[in-house]
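**Q** The structure that follows is given in the form of structure tokens.
No lab work stands behind these numbers, since they all come straight from the coordinates. Fair warning: this is a prediction, and the values are worked out from it, not measured in the lab. Positions of Cβ are backbone-derived with ideal geometry, glycine not excepted, and every protein chain shown enters the neighbour counts.
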């Protein structure tokens, strides 16, 4: 069974540009989560999508946004990039639905974003 | 607001020694508790989780964790570590708000 996949693996942008990161969940999973892993800060929760709807978001500015497509894949968009947005962005998926808080999240390899 | 504290940023132990990684959380009720591990060059993966029942939870690769409600702790233990346990370990908490909060992580280095 294929795991969570993310693309691209690396992304280099300059300040002010926009970045688009993509995630494909495990087949059968409807929930997708996005996290930012900056050096020394652990994983910071960004966004949670389930069944195409945004269910929750973390304490990030509105320039961090995303969406979930009908096939449950997801995109994370970061507008007006700032230097401090440089980090590893991890996507995770789970079965979704009402049992979501208890479910194991399966993580992808991440996209490393570097903002120059 | 719920939070997770992993007070040890780096830990170095010798192969065969016992290990305890600390995790404390702040939340009034009993949350869902997780330990994840990230081996070098690999994806983050689940070690174990606790929802209810026996406060001593056994996970993969010989790890276990004990939920102590009075101390708001969920420490990870292993009686005898191996060199292959070198990794970064994350404690995580979900208080039912559909948002999992991760600690900052503990980097473990096991000396051969």
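**Q** Among B:30, B:106, which comes first, second and so on when ranked by fewest other beta-carbon atoms within 10 Å? Working shown, then result.
**A** Details: B:30 15, B:106 21.
If I rank by nearby Cβ atoms, fewest first, I get B:30, B:106.
**Q** Could I ask something else about it? For peptide B:44-51, what's the mean number of Cβ atoms from other chains within 10 Å of each residue's Cβ?
**A** Whole-number average of other-chain Cβ neighbours for B:44-51 is 3.
**Q** With a 10 Å Cβ neighbour count serving as the proxy for reagent exposure, in which order, fewest first, do A:51, A:84, B:66 appear? Walk me through the numbers on the way to the answer.
**A** Numbers: A:51 12, A:84 8, B:66 16.
By the 10 Å Cβ count, ascending: A:84, A:51, B:66.
**Q** Still on this model: Please report the orientation-averaged projected area of the protein assembly as shown, defined via the convex hull of its C-alpha atoms, in nm². List each step's numbers first, then the result.
**A** Working: hull surface 50.2 nm².
So the Cα hull casts an average projection of 12.5 nm².
**Q** For residue B:46 and residue B:11, compute 0.36 nm times the residue count separating them, minus their Cα-Cα distance, and round to one decimal in nm. Please report the intermediate quantities before stating the final value.
**A** Values: separation 35, 0.36 × 35 = 12.60 nm, distance 2.00 nm.
Length difference between fully extended and current span is 10.6 nm.
**Q** Efficiency by 1/(1 + (r/R0)^6): what FRET value for residue B:84 and residue A:13, r their Cβ-Cβ distance, R0 = 25 Å, to the nearest 0.05?
**A** On the way: r = 36 Å, r/R0 = 1.45.
Plugging the Cβ-Cβ distance into 1/(1 + (r/R0)^6) gives 0.10.
**Q** Work out how far the C-alpha atoms of chain B reach from end to end along every principal axis, then list the three figures in whole Å, largest first.
**A** 41, 27, 21 Å, listed from the longest principal axis down.
**Q** Other chains near A:37-44: what is the mean number of their Cβ atoms within 10 Å of each residue's Cβ?
**A** Working: counts 6, 0, 0, 3, 3, 12, 11, 3.
Rounded to a whole number, the mean comes out at 5.
**Q** Can you list, bin by bin at 10 Å, the percent of alpha carbon pairs in region B:1-48, starting at 0?
**A** 18, 46, 30, 6
**Q** Using mean Cβ contacts within 10 Å as the protection proxy, how do B:75-86, A:39-50 order, highest first? Please list the in-between numbers first.
**A** On the way: B:75-86: 16.0, A:39-50: 19.3.
Taking the mean over residues of other Cβ atoms within 10 Å, the ranking is A:39-50, B:75-86.
**Q** Calculate the spin-label point distance for residue A:80 paired with residue B:22, positioning each point 7 Å from the Cα along the beta-carbon direction, and give it in nanometres.
**A** That separation, rounded to one decimal, is 4.1 nm.
**Q** How big is region A:5-95 by Rg and Dmax over its Cα atoms, in Å?
**A** 12.5, 37
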